[in-house]
Amino acid sequence: CPALCECSEPAKTVKCVNRNLAAVPPDLPPYVRTLFITGTRLARLPAGAFPARRLPDLGALNLSGNHLQAVEAGALASLPALRQLDLSGNPLASLSSQAFGEAGSPLEELVLRGALRDHAVLLSLAAVLQSGALRNLSRLELADNGLLLLPAGIFTALPALRQLDLSNNSLVSLRNVSFQGLGQLQSLDLSDNSLGVLRNDTLAQFRGLPALRHIDLGRNTWVCDCAIEDLVAWLKESDQVEGKEALTCAYPDKMLGKALLKISSLDLNCSVPIDLPSQLQTSYVFLGIVLALIGAIFLLVLYLNRKGIKKWMHNIRDACRDHMEGYHYRYEINADPRLTNLSSNSDV
């Protein structure tokens, strides 16, 4: 057992908690199945930090609450029995796309609560998940990270995912998030975010997930205008949302505190559509059609009056030619002194 750790061979557990460790102890006992290294000065996980030949049975690894900033390529690649990994509470700044190796990992639970404050790390995590290295993942916890938006397609390569925790973030929209392919998803926690509305495409994805039976939407800032009609209709017909009776409006002031399930079309006053992008798009199409019709009529008028227009053009040309000949004649008179004198005498 390492000097700064506590070991229990019967429980197959090693705890290195609140100790002055700056690196993973190299002499961990080979029987360990559950390893805690928390509250230490551990700042980076280099390649081979956990050698497989010495830790063949390590199944649960808790590295929460350290000063961990970098997880390098191959750092967690040599653990054939690893099923649970907790990196919560670390100020991660770098996560290698090869941290779990190229062959994939047997990991089933990944906890990153409060570890993704750096946006670059979130993008790195998305690359890891999309690579298929964690296809066996059944539980993913991304709570307490202050996330505003999620990278597009971040969950597309997680076919075994059953629990997804996105609570206590600052998510304002799910429009770029795809839940398609998560056929095993059973629980989705979206509580304590800044969601104002869920669009119809997102609700359609929820309807298409047969195993999804627990959705938590509590404590979000729902905006109760005409855009929320689809969400209200879905809440009334769906049995997927837990505690939906407690969901209330946050905006506008006249709707503050009103239960979403009690909203009617009269409350929203949706006589005028508020979907401005689609309304503008329709207006542009109508304007294009009108301009095309005007252009066609103009060309038709030109065609029908082609003879008159041709005669009019000839008249203009003759008039311009006569006018120019007059100017030319006066110029010749002014340029020749003899003609000028003659003109003067004639005038006299």
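Each reported figure results from applying straightforward, stated rules to the coordinates on display, with no laboratory input. Everything quoted here is computed from the prediction, not taken from an experiment. Positions of Cβ are generated from backbone atoms using ideal geometry, with glycine treated the same way; all protein chains shown enter the neighbour counts.
How many Lys pairs in the chain lie less than 16 angstrom apart by Cα atoms, where the lysines are 8 or more positions apart or on different chains? Present the calculation step by step, with values, prior to reporting the outcome.
Working: K236/K244; K236/K258; K236/K262; K244/K258; K244/K262; K254/K262.
Lysine pairs meeting the criterion: 6.
Give the Kirkwood hydrodynamic radius (Å, one decimal) of the stretch 29-186, defined as one over the mean of 1/r across all pairs of different Cα atoms.
For the stretch 29-186, inverting the mean 1/r across all distinct Cα pairs yields 15.7 Å.
At 222 nm, what helix-only mean residue ellipticity would the chain give, in deg cm²/dmol to the nearest 500, using -39500 (n - 2.57) for each DSSP H run of four or more?
Values: 7 runs with 103 residues, N = 348.
One gets -9500 deg cm²/dmol as the mean residue ellipticity at 222 nm.
Taking 8 Å as the Cα distance limit and 6 or more residues as the minimum spacing, I'd like the relative contact order of the chain as a percentage.
Contact order relative to length: 7 percent.
What's the local net charge at W312, with K and R +1, D and E -1, over the other residues with C-beta under 12 Å away?
Here the count lands on +4.
If you place +1 on the Cβ of every Lys and Arg, -1 on the Cβ of every Asp and Glu, and leave all else neutral, what size is the dipole of the stretch 169-262 about its Cα centre, to the nearest 20 Debye?
80
Go through P159, N269, G218 and say which Cα lies farthest out towards the positive end of the charge dipole of the chain; charges sit on Cβ, +1 for Lys and Arg, -1 for Asp and Glu.
P159
Relative to the compact-globule scaling 2.2 N^0.38 Å, provide the ratio for the alpha-carbon radius of gyration of the stretch 178-230.
1.18
So how strong a dipole does the chain carry about its Cα centre when Lys and Arg Cβ are +1 and Asp and Glu Cβ are -1, to the nearest 20 debye?
That gives a dipole near 480 debye.
List every residue whose amide H lies under 5 Å from the amide H of L195, counting only residues 5 or more places away in sequence or on a different chain, with H placed 1.01 Å from N in the peptide plane.
Amide H neighbours of L195, under 5 Å, 5+ apart: T221.
At most 13 other Cβ atoms within 10 Å and a DSSP loop assignment: could you name the trypsin sites (Lys or Arg not before Pro) in the stretch 1-86 that fit?
Those that pass, being in a loop and sparsely packed, are R41, R53.
Determine the sum of side-chain charges near A11: Lys and Arg each +1, Asp and Glu each -1, restricted to other residues whose C-beta is under 14 angstrom from that of A11.
So the surrounding residues net to 0.
Expressed in nm to one decimal, what extension gain is obtained for the pair V17 and A52 from 0.36 nm per residue of sequence separation less their Cα-Cα distance?
Difference between extended and current length: 10.4 nm.
With both partners inside the stretch 145-263, how many of the DSSP beta bridges are antiparallel, as a percent to the nearest 5?
The antiparallel fraction comes to roughly 10 percent.
How large is ³J(HN,Hα), in whole Hz, for each residue of the stretch 161-167 in order, when computed from phi with the Karplus curve 6.51 cos²θ - 1.76 cosθ + 1.60 and θ = phi - 60°, using x for Gly and Pro?
These are the phi-based 3J(HN,Hα) values: 5, 10, 10, 10, 10, 10, 6 Hz.
Ordered by residue, what ³J(HN,Hα) values in Hz, to whole numbers, does the stretch 256-267 give under the Karplus form 6.51 cos²θ - 1.76 cosθ + 1.60, where θ = phi - 60° and Gly and Pro are x?
4, x, 6, 5, 4, 5, 9, 6, 10, 4, 5, 5
By Kyte-Doolittle mean hydropathy of at least -0.5 and Cα axial length of at least 27 Å, which whole DSSP H helices of the chain are selected?
276-304
Go through [x] 42; [y] 52; [z] 20 and flag the label whose value is the computed percent of Cα pairs over 34 Å apart for this structure.
Given [x] 42; [y] 52; [z] 20, the calculated one carries the label [y].
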